[in-house]
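A short worksheet on the structure shown next.
Rule-based calculations on the coordinates, nothing more; no lab input. These figures come from a predicted structure and were not determined experimentally. Note: ideal-geometry Cβ built from the backbone for every residue, glycine included; neighbour counts use all protein chains shown.
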Amino acid sequence: MSYILIIILIVLSLRYHWWRIPISYNQPRVLMYHMIDEPLSGNKKRNKWRVKPKDFEKQMAWFFKHGWHSYTISEMVDAKTLPAKSFCITFDDGYEDNFAHALPVLKKYGFKATIYLVPGYSYNSWENFEEGTFDKLLCKDEIRQMQESGLIEFGSHTLNHKNLVTLPMEEAQKEIKESKEEVESLICTKCRAFAYPYGKYNEKTVKIVKELGYDNATIVKRGFFEKEQPFMIKRVGILGTESFLDFYLKITRIRNKF
Ligand SMILES: [Zn+2]
């Protein structure tokens, strides 16, 4: 009997990392979401990036209830000081469901967010999905409405969602430069924020992003916000396949696992 209890304890410990020391609330958190939508039946891999609307609502309600302060990524980078419990919500790829399912919740709680667009696309057809099953991205009108809400900052996630590290230098430069121009023509203001596709970056890509006039860039590595690293901002990925307890432990302990 006691063996069974020990095994259960080990399994739960590996799953939840409850033993990790909580990270101080003085360290700002940057969250990474993709889609806010209902899961696809029997597709665990794709559901990883689809957080259910009711889970997203529950997560935002938690931040609200506990008095967290929300920022866009550029506001967070600009802030001279940040109070305890500062956080930033980011969405990669710019899915249409961000308009339909995330915006109403953000409005409800007055939370801000940064969304990284892939302006050359209407669907996420850069993915290796079966034909006809791609997910729709935000259209021009939705982007405009989101911007008018005053809660959303739009950043760039390149033109074609390619791994910048493996692209020839000029192509990487083009992806970073032209996507900035495209986003700026959509939002009629400066595009300051960048997210490296797949979180892939190296010294060269960081240099290009800086030189082309962005003010900040996010990566996929887990961790909290560090002011000294505005072009390699770590994030906490929130997944659709995880429970509220996973979410809570990630936020409080920034546990080292996706
Ligand atoms: Zn992406």
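What to note about this one:
- Global form of region 121-258, assessed from the alpha-carbon gyration tensor, a/c cut-off 1.5: rounded
- Helix 53-65 and the longest principal axis of the C-alpha atoms of the chain enclose an angle of approximately 80°.
- Anchor Lys250: aspartates and glutamates whose Cα lies under 20 Å away (excluding residues fewer than 8 positions away in-chain): Asp55, Glu57, Asp92, Glu226, Glu242
- Global form of region 1-63, assessed from the alpha-carbon gyration tensor, a/c cut-off 1.5: oblate
- DSSP-defined beta bridges in the chain - what % are antiparallel, rounded to 5: 5 percent
- Helix axis angle, 2-16 relative to the chain longest principal axis, alpha carbon, degrees: 20 degrees
- Three-way shape label, region 27-144, alpha-carbon gyration tensor, a/c 1.5: prolate
- Of Lys107/Lys207; Lys58/Lys221; Lys58/Lys174, pairs whose Cα-Cα distance is over 32 Å: Lys107/Lys207; Lys58/Lys174
- In this structure, the pairs whose alpha-carbon distance is over 32 Å, taken from Lys85/Lys177; Lys112/Lys177; Lys65/Lys227; Lys136/Lys210, are Lys85/Lys177.
- For the chain, the longest principal axis of the Cα atoms and the long axis of helix 244-253 meet at an angle of about 80 degrees.
- Relative contact order of region 86-221, defined on C-alpha pairs under 8 angstrom at six or more residues apart (%): 23 percent
- A dipole drawn for the chain from +1 and -1 charges on Cβ atoms has a positive end, and of Thr218, Tyr3, His69 the residue lying farthest that way is Tyr3.
- The value of relative contact order for the chain, using C-alpha pairs under 8 Å at least six residues apart, is 22 percent.
- When +1 charges are put on Lys and Arg Cβ atoms and -1 charges on Asp and Glu Cβ atoms, the dipole computed for region 61-108 relative to its Cα centre reaches about 440 debye.
- Rounded to the nearest 20, the Cβ-based charge dipole of the chain about its Cα centre (Lys and Arg +1, Asp and Glu -1) stands at 1280 debye.
- Summing Lys and Arg as +1 and Asp and Glu as -1 over all other residues whose Cβ lies under 11 Å from the Cβ of Ala102 gives a net charge of -2.
- Relative contact order for region 190-250, counting Cα pairs under 8 Å that sit 6 or more residues apart, in percent: 27 percent
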